[in-house]
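Okay, structure first, notes after.
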Amino acid sequence: MSLSGCATLQDTARYRERFNDAAANYFRRQQDLWLSSIGIGTYLGDTDEETDRRYREAIVRAVELGANVIDTAANYRFQRSERSIGAALNELARRGFARAELVICTKGGYLPFDGAPPRDVRQYIEDNFVKPGIATFADIAGGSHCMTPRYLRNQLEQSLRNMGVECVDVYYVHNPESQLAAVSEAEFWQRLRDAFETLEQLATDGKLKKYGVATWKGFRTEPDSGGYHSLERMVETAREVGGPDHHFAFVQLPFNLAMPEALFFQNQRLGDEYVSALEAASSLGVTVMASAAILQGQVARGLPEAIREPLGSLATDAQTGIQFARSAPGITTALVGMSSVAHVEENLQLAGVPQSQPEDLLQVFDQE
């Protein structure tokens, strides 16, 4: 039996009220929801039952400690991360947390294996996607990425089953820039338009609440580069297919101490000027989620005092990296991959720590 409904303003407000000792602005109101400024990601890890168990326990603990944003994707750990979330949601329901208190986000785009890698990848794709009529080989860019209407419908339904829910709060087209290496720009925008039209219909059908794009380099590159995305054009496309009340509302992009472009790089055209991705998103009413907040641990160790001190001289470098990401103006939630209860408990100590101020963030990069 699936858990019904999506997150609501009333229920996420009730979740927020569970944490009276949280710092001001730890929870942020966006898109008529209250979202924690730290969310749990589920990308990395072995594809075995032990890692499944660790993720299930970490997700439950994260929700208990104040993180109500859960992020995953169909291809993470060959669908096992979504299934671990489903197990965690059932445990959380037993512990008194309602489905509607939690903001569940997943992605579709990369062809996912099922639990483990197949012996013959091409045969797996043919058997599971081509022969059933879900996608043709021509639809699949680079042998691994697809975003056609039939494929996205199939993937969303699969994700709902994996997690045991009737609706996801945010559904992302996963790394759409992957298509640009295989098709022309005109074909890319037509494919994205078709994807958005499908997602609008799925929102109307109650399968998802909002949608968006989750990118790696699309919002960080030069406007004339091959993998660039214009957020303004994406919003215009959503308006064309969904009208003024369209459901395109979220983007996910990497943002951390080593990859701060979204805050500082003015590469997004907005009217007659170029602004940063975060400024463009704010102006366009789009909520930004930061992926790779500690860059898979690479900015969670060995930080110099010149970086630690402006960000509050926190107990650990991991906390320092997360503090930077979640404090940037325009970032709603910093996503941190956590498959360990110990890491969850360490990182969510930040729930009681005020965010850093913009001048503190600038000081990090203004070292002589």
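Look at the range 18-74 and say how many of its residues are of a type outside the set (Gly, Ala, Ser) and assigned to a loop (DSSP other than H, G, I, E, B). Residues meeting the conditions: 16. Ile85 falls short on exactly one of the conditions (1) among the hydrophobic types (A, V, I, L, M, F, W, C); (2) surrounded by 17 or more Cβ atoms within 10 Å (Cβ to Cβ); (3) not in a helix (DSSP H, G or I), and that condition is (3). Out of all the residues in the range 128-156, which are open to solvent by 30 Å² or more (accessible area, probe 1.4 Å) and in a strand (DSSP E or B)? Of everything in the range 128-156, nothing turns out to be open to solvent by 30 Å² or more (accessible area, probe 1.4 Å) and in a strand (DSSP E or B).
Please find, within the range 177-195, the residue that is farthest from Gly226 (Cα to Cα) out of those that are in contact with a strand residue (DSSP E or B) (Cβ under 8 Å, 6 or more places away or on another chain) and assigned to a helix (DSSP H, G or I). Checked the range 177-195; the qualifying residue farthest from Gly226 (Cα to Cα) is Ala195. Pairing each residue of the range 59-85 that is within 16 Å of Gly96 (Cα to Cα) with any residue that is open to solvent by 40 Å² or more (accessible area, probe 1.4 Å) and modelled with pLDDT of 95 or more, provided the two are 6+ apart or on different chains, yields C-beta distances under 6 Å for Val60/Glu91; Arg61/Val341. With the requirement that a residue be touching an Asp or Glu at 6+ places or on another chain (Cβ under 7 Å) and surrounded by fewer than 24 Cβ atoms within 10 Å (Cβ to Cβ), what does the range 88-113 give you? Scanning the range 88-113 gives Ala98, Ala100, Glu101. Scanning the range 242-289 for residues that are open to solvent by 50 Å² or more (accessible area, probe 1.4 Å) and part of a strand (DSSP E or B) yields Arg269, Glu273, Tyr274. Within the range 1-24, the residues that satisfy the criterion of being surrounded by 12 or more Cβ atoms within 10 Å (Cβ to Cβ) and at pLDDT below 95 are Ser2, Leu3, Gly5.
Scanning the range 263-313 for residues that are under 15 Å from His229 (Cα atoms) and among the β-branched types (Val, Ile, Thr) turns up Val275, Val286, Val288. Inclusion of Ala292 among residues that are at pLDDT 95 or above, open to solvent by less than 10 Å² (accessible area, probe 1.4 Å) and within 18 Å of the chain's Cα centre (by Cα) is not warranted. Just so you know, in the range 196-233 the residues that are among the aromatic types (Phe, Trp, Tyr) and outside any helix (DSSP H, G or I) include one that is surrounded by the most Cβ atoms within 10 Å (Cβ to Cβ), and it is Phe219.
The values are calculated or read from the model by the stated rules, or taken from the named source; none is laboratory data. Just so we're clear, the structure is a prediction, and the values are computed from it rather than from any experiment. Ideal geometry is used to build each Cβ from the backbone, glycine not excepted, and the neighbour counts take in all protein chains shown. With ligands, DNA and RNA removed, areas are computed over all heavy atoms of the protein, side chains included. Shrake-Rupley method; radii C 1.70, N 1.55, O 1.52, S 1.80 Å.
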